Amino acid sequence: MPLSAPLSAPHEAPHRPVPAQALHRPAPRPRPTDLFADLLLAVLSGQRPVHCMLRHTAGRAYDELAWLAERGLLRTRGTRPVVRDIGYYVPRPGAIEAFARIGAGEQLRAMAFRLEQAADLRWRCTAVELGGPRMPHTNDD
């Protein structure tokens with residue numbers, strides 16, 4: 001094709017104007033509960049390594065997450081687990097207590113987690129639980 005050839009092909013759809021509002025409307029930002037539910041599920045189902053959550057956790061949450069991931073409670077054969085529903089409660093500004101329903105085929109599990117906003121305004125997971133046994137407390141707790 002010569003350099004002076006037109007860039008549009010004759011078979012292209014006609015140009016439709018886009019409303020001005022759509023050009024300036026920012027894409028909706030996902031809620032921290034949605035992001036963390038997906039991240040936690042990826043770790044607990046073995047799709048991502050636990051250490052990817054190091055900078056996203058605070059306090060005892062990383063140890064709880066590693067303990068739960070080691071037990072493989074959300075690992076499945078066949079159907080990959082997905083977040084089906086998320087609910088949350090805001091006990092105070094800068095803190096969110098959330099739950100997620102995790103589905104894999106016919107199986108449904110519950111996951112609970114707490115998020116706290118740090119001074120740098122980033123959300124971090126400070127607790128995580130699945131139905132079943134909890135990580136034993138140590139003398140440091």
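Kindly list, by first and then second residue, each pair from a residue in the range 72-84 that is modelled with pLDDT under 75 to a residue that is among the hydrophobic types (A, V, I, L, M, F, W, C), limited to pairs with Cβ atoms under 8 Å and residues at least 6 apart or on different chains.
Cβ pairs passing all conditions: LEU73/LEU44; LEU73/LEU130; THR76/ALA104.
Taking only pairs six or more apart or across chains, which ones have beta-carbon atoms under 7 Å, a first residue in the range 26-39 that is over 13 Å from ALA100 (Cα atoms), and a second residue that is at pLDDT 90 or above and buried (at least 17 other Cβ atoms within 10 Å of the Cβ)?
From the range 26-39, no pairs qualify.
I need a count of the residues in the range 89-102 that are part of a strand (DSSP E or B) and surrounded by fewer than 15 Cβ atoms within 10 Å (Cβ to Cβ).
We begin by selecting, within the range 89-102, every residue part of a strand (DSSP E or B); these are 89-92, 95-102.
Okay, now just the ones that are also surrounded by fewer than 15 Cβ atoms within 10 Å (Cβ to Cβ), so 89-92, 95.
Summing the residues that are part of a strand (DSSP E or B) and surrounded by fewer than 15 Cβ atoms within 10 Å (Cβ to Cβ) in the range 89-102 gives 5.
Which of the residues that make up the range 39-88 are acidic (Asp, Glu) and either exposed (fewer than 13 other Cβ atoms within 10 Å of the Cβ) or within 13 Å of ARG109 (Cα to Cα) (or both)?
Step one: list which residues in the range 39-88 are acidic (Asp, Glu), which gives 63-64, 70, 85.
Correct list: GLU70, ASP85.
The values are calculated or read from the model by the stated rules, or taken from the named source; none is laboratory data. Being a predicted model, the structure only gives us computed values, none of them experimental. We place every Cβ from the backbone using ideal geometry, glycine too, and count neighbours over all the protein chains shown.
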